[in-house]
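Below is one structure, written out as structure tokens, with a few remarks after it.
The values are calculated or read from the model by the stated rules, or taken from the named source; none is laboratory data. Quick caveat: nothing in here was measured; it's all calculated off a predicted structure. Because the Cβ atoms are built from the backbone with ideal geometry, glycine has one as well, and the counts that use them run over all protein chains shown. Surface areas here come from the heavy atoms of the whole protein model, side chains and all, with no ligands, DNA or RNA. Shrake-Rupley method; radii C 1.70, N 1.55, O 1.52, S 1.80 Å.
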Amino acid sequence: MPHRFQKKRPPFISRPRHKRSDEVIRLKGRMKRDADEYGGMFTSHLVLDEPDRPDLYNQWFDFYFPGLDRFTIWNAEIVTARKAFWYAAHELAYLRTTAMLTPEEHSVESVMEFEPAEFSNTGKVLSYRLIERKTMRYEKFGGLTFFEQWEKLESEIVREAPPTIHELFRLDRRYAYGIGLYIVLDVDVIDRTAIEQAITKFREMGETDWQAANSVPRERLPIVSEKDALAAMMGTGKEN
């Protein structure tokens, strides 16, 4: 899954140790100030455990916590196995749909054009809007558009050829702030308990890349796409 705060500035790990140590001290101070909100093991820019927020919207979270040494900050993204499954199916469906297009068709579907939408009194462009293009329907897709075919394949993949998902920790040392850490955890929602569980397990594993030997059981994963699940929750689509 895509990460944040990458790659234009020099990596955090390329900084001198004393500067990294200063950043860790600042992070710990912030964690102490935020302890009432996040519990003291981590901090974040995001709202956690928002009252009455549906579980389907609590499938991921971004947060920061210090490493076991004095020089490391973990810049973490955690997702449920369900969210990782949806993302994998979404990406696989996109690749398969794109592979069915000619280079010319792919170019047409990829290009986004904008036009000025708002001007200042001096004529300076203040904002732009996306130009709507003619909808292309493809005989090879049975008359569907690119996006309709993408959604169709995504639903088929979820039902008939589900991707394999493992719990894991994956490091990315290119981050400008801290070291990137992508976490997949087999839980129903991402809340404080799940994040603290992940941090504890990561430290027990030695703060390194890791993947569970066994995949997440199929019965723990969805049988509909994320779009269909959200539509069902809103009462506008197919039920699970």
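Worth a mention:
Let's see how each residue does on (1) open to solvent by 50 Å² or more (accessible area, probe 1.4 Å); (2) in a strand (DSSP E or B); (3) under 20 Å from residue 58 (Cβ atoms):
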{"residue": "171", "(1), (2), (3)": "no, yes, no"}
{"residue": "190", "(1), (2), (3)": "no, no, yes"}
{"residue": "195", "(1), (2), (3)": "no, no, yes"}
{"residue": "215", "(1), (2), (3)": "yes, no, no"}
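- Positions within region 31-70 being over 17 Å from residue 196 (Cα atoms) and in a helix (DSSP H, G or I), in sequence order: 33, 55, 56, 57
- Residue that is nearest to the chain's Cα centre (by Cα), among those in region 66-92 that are of a type in the set (A, V, I, L, M, F, W, C) and open to solvent by 50 Å² or more (accessible area, probe 1.4 Å): 92
- Any hit, region 54-65, residues being within 23 Å of the chain's Cα centre (by Cα) and free of Cβ contacts under 8 Å to residues at least 40 places away in the same chain: yes
- Pairs, first within 9 Å of residue 182 (Cα to Cα) in region 67-82, second among the acidic types (Asp, Glu), C-beta under 6 Å, six or more apart: 77/62
- Residue-level check: of (1) in contact with a strand residue (DSSP E or B) (Cβ under 8 Å, 6 or more places away or on another chain); (2) within 30 Å of residue 206 (Cβ to Cβ); (3) without any contact (Cβ under 8 Å) to a residue 40 or more places away in the chain, residue 87 misses just (3).
- Screening 127, 110 for residues that are under 22 Å from the mean Cα position of the chain (by Cα) and at pLDDT below 95 leaves exactly one candidate, 110.
- None of 47, 111 is among the hydrophobic types (A, V, I, L, M, F, W, C), without any contact (Cβ under 8 Å) to a residue 40 or more places away in the chain and within 30 Å of residue 138 (Cα to Cα) except 111.
- Enumeration of residues in region 137-156 that are surrounded by 12 or more Cβ atoms within 10 Å (Cβ to Cβ) and outside any helix (DSSP H, G or I): 137, 138, 144, 145
- Residue, nearest to residue 157 (Cα to Cα), within region 93-136, restricted to residues that are assigned to a strand (DSSP E or B) and open to solvent by 60 Å² or more (accessible area, probe 1.4 Å): 130
- Beta carbons closer than 6 Å, at least 6 apart along the sequence or on distinct chains, pair a first residue in region 149-177 that is over 21 Å from residue 10 (Cβ atoms) and free of Cβ contacts under 8 Å to residues at least 60 places away in the same chain with a second that is open to solvent by 30 Å² or more (accessible area, probe 1.4 Å) and among the polar types (S, T, N, Q) for 164/215; 166/211; 166/215; 168/211.
- Against the numbered list (1) modelled with pLDDT of 95 or more; (2) in contact with a helix residue (DSSP H, G or I) (Cβ under 9 Å, 6 or more places away or on another chain), residue 46 comes up short only at (2).
- Residue selected from region 197-213 under the condition polar (S, T, N, Q) and part of a helix (DSSP H, G or I), by the criterion farthest from residue 11 (Cα to Cα): 197
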